[in-house]
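The values are calculated or read from the model by the stated rules, or taken from the named source; none is laboratory data. The shown structure was predicted, so the numbers you read here are calculated from the model rather than taken from an experiment. Cβ placement follows ideal geometry from the backbone for every residue including glycine, while neighbour counts extend to all protein chains displayed.
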Amino acid sequence: MCDAQGRFVTSGAAVLGDGGASCLAGSNRTESSKMTVRTRFAPSPTGYLHVGGARTALFSYLFARRHGGQFVLRIEDTDLERSTAESVNAIMEGLTWLGLDYDEGPFFQTERFERYQQVVDDLLERGLAYRCDCPKERLDRLRDTQMAAKVKPRYDGHCRGREIDPEQPHVVRFKNPVDGAVIVDDLIRGRVPFANTELDDLIIRRSDGSPTYNLTVVVDDADMAITHVIRGDDHLNNTPRQINILKALGHEPPRYAHVPMILGPDGKRLSKRHGAVSVVSYRDNGYLPEALLNYLVRLGWSHGDQEVFSLDEMIALFDISDVNTAASAFNVEKLDWLNQHYIQHGEPKHIARLLSPHMGELGIDPAEDGPELVDVVMAQAARAKTLKELAAISAFCYRDFEDYDEAAAKKHLRPVARPALEGLRAELEMLALEDWEPETLHRVVERVAEELELNMGKVAQPLRVAVVGRAASPGIDVTLQLVGKDATLRRIDRALAFIDARAANA
RNA sequence: GCUCCCUUCGUCUAGUGGUUAGGACGUCGGCCUCUCACGCCGGUAACAGGGGUUCGAAUCCCCUAGGGAGCGCCA
């Protein structure tokens, strides 16, 4: 909760004051609104936003939206060595592209060091933490003997009762309870008990004075009044320590929900060798944000037999306690199916807008000349799994293709096709520009086929290859319309020349 | 090594003591057809293994196996 000055204040006995970050408008909280749901996404800026993080963010976002709460973005950048500004930008770029808007933040932990110092000092004063100057060698030795004795390596509390000069190099350790148990009542996994004897006195302040993760996360979650912590299940083992610290600070722990991780297509831990793991790379490869979101929400969560969800539907139907307990593998084929679904069923104008930059990638400016991009989308949408593909198979609408598809040319651009192409050329040339539309074009092709007593296929296919360069395109009438009269005649001439050259070489 | 988590078709999942174990992606076959797609119809395919509890277990309990995480002056 925040006080009148807009500072984070704890709800416990000790008022711990400002740490640098400030409350934003709208987060003014009172006792009665204390139960407002607040979730957070807390990435460390050491790389791009990957699909696992994106799903965690999505779940947190949906949960907050579902319950009329707030979604907070917090950057956990206390690892000065590895954190970069580029990563912060990359993460925000990913969230923005997905449309996961946050209500508060981004808050940076590096701006809250003063606050963490206060908390550590307070813990020290109250005897809930202590200084430790155990040399590395002692710790290493301890660890080795414990490993040899087949027990879990833990700090032995050597400095618990010792007086250590605050001026001399030391770390601060949290005095973890020595007995009893901590029960993590997880929204996804249920009650998971941990014996305190399994835990040790973890370091909460390094010898350089900087706070460690388990301290900062707890302080921030408390100060930012986070009610539900939704995060990867690699944090489940950290949770009992965090609860102990929270209790020492006099805070009620938030509810936790540990989501299982996302595996690569091979069932192994997701990594760079699996190819695209960065959210932004999906954008660049022609995926729609709504498709990725839809795919991710179905990884670990479901609502009966429903497969397609709009963001609004997700918000209305999502419940964190319905999330699965097991890890799931990332399956590109299903993502492709969803992406194709959204390309095909999305608003053509919307798709055209998203397609435009991919045309640009091919050096095509759809605004310059050629057909309206919306018309291309309507004709081609069912034929592409990604916008990148959609751009590639639509380039012929805007410029002459380089080479014929070899197999298609071999099969359809043969001397036998010459009469058909000549007949088509003659008829098409006579067509008035205002008649250059599917209905008329269709009749022309039909008429030529009838006159030559050929199947539609024997006429349409050579024409298609002549005009598109490949044997696949929308209906021949729509294809001709998109290509336009000039280019159509030009490309038929090119095909006739190709056939002649081929006959000469035979 | 210790602690914790996990285990239904190839993949994502439904299922919460009684179902011919359902759906989706993929795959295979067919239909549609001027091509490629789309669409439609149909097929293939799973409860990790073993013990219990119960009249009855995918569902509850135990063990085993396999997978994963944590055990940092990383987050």
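When A:His341, A:His350, A:His345 are screened for being at pLDDT 95 or above, surrounded by fewer than 16 Cβ atoms within 10 Å (Cβ to Cβ) and near RNA strand B (Cβ under 9 Å from one of its atoms), only A:His345 passes.
For segment A:304-335, give me the residue count where each residue is touching a residue at least 60 places away in the same chain (Cβ under 8 Å) and not hydrophobic (A, V, I, L, M, F, W, C). Here the count works out to 6.
When residues in segment A:293-315 are screened for being more than 8 Å from RNA strand B (Cβ to nearest atom), part of a loop (DSSP other than H, G, I, E, B) and of a type outside the set (A, V, I, L, M), 2 of them pass. Of all residues in segment A:257-281 being out of contact with any Gly (no Cβ under 9 Å at 6 or more places or on another chain) and outside any loop (DSSP other than H, G, I, E, B), which is surrounded by the fewest Cβ atoms within 10 Å (Cβ to Cβ)? My answer is A:Lys272.
Could you check segment A:134-152 and list, in sequence order, the residues that are more than 18 Å from A:Ile204 (Cα to Cα) and either touching a residue at least 60 places away in the same chain (Cβ under 8 Å) or of a type outside the set (D, E, K, R) (or both)? Within segment A:134-152, A:Leu142, A:Thr145, A:Gln146, A:Met147, A:Ala148, A:Ala149, A:Val151 qualify.
Looking only at helices (runs of 4 or more DSSP H) that fall completely inside segment A:342-399, which ones have 1 or more residues that are under 23 Å from the mean Cα position of the chain (by Cα)? Please lay out each step first, then the result.
Details: elements: A:348-361, A:373-380, A:387-394.
So the answer is A:348-361, A:387-394.
Residues in segment A:156-208 that are assigned to a loop (DSSP other than H, G, I, E, B) and β-branched (Val, Ile, Thr) were compared, and the one that is nearest to RNA strand B (Cβ to nearest atom) is A:Ile188.
Failed condition for A:Thr386, given (1) surrounded by fewer than 16 Cβ atoms within 10 Å (Cβ to Cβ); (2) in contact with a Phe, Trp or Tyr (Cβ under 8 Å, 6 or more places away or on another chain); (3) polar (S, T, N, Q), with all others met? Only one criterion is unmet by A:Thr386, namely (1).
Do we find that A:Gly484 is under 20 Å from A:Pro438 (Cβ atoms), surrounded by fewer than 19 Cβ atoms within 10 Å (Cβ to Cβ) and within 8 Å of RNA strand B (Cβ to nearest atom) in this structure? I'd like the intermediate steps shown before the answer.
Details: under 20 Å from A:Pro438 (Cβ atoms): yes; surrounded by fewer than 19 Cβ atoms within 10 Å (Cβ to Cβ): yes; within 8 Å of RNA strand B (Cβ to nearest atom): no.
Judged against the criteria, A:Gly484 is not a match.
Listed residues A:Asp322, A:Asp336; which is near RNA strand B (Cβ under 10 Å from one of its atoms), charged (D, E, K, R) and surrounded by fewer than 14 Cβ atoms within 10 Å (Cβ to Cβ)?
Working: A:Asp336 fails: surrounded by fewer than 14 Cβ atoms within 10 Å (Cβ to Cβ).
Unique residue meeting the criteria: A:Asp322.
Here A:Cys134 clears all of (1) more than 7 Å from RNA strand B (Cβ to nearest atom); (2) part of a loop (DSSP other than H, G, I, E, B); (3) surrounded by fewer than 14 Cβ atoms within 10 Å (Cβ to Cβ) except the condition numbered (3).
Does A:Leu100 satisfy the criteria of being more than 9 Å from RNA strand B (Cβ to nearest atom) and either over 25 Å from A:Leu288 (Cα atoms) or in a helix (DSSP H, G or I) (or both)? So that I can check it myself, show each step before the final result.
Values: more than 9 Å from RNA strand B (Cβ to nearest atom): yes; either over 25 Å from A:Leu288 (Cα atoms) or in a helix (DSSP H, G or I) (or both): no.
Answer is no for this residue.
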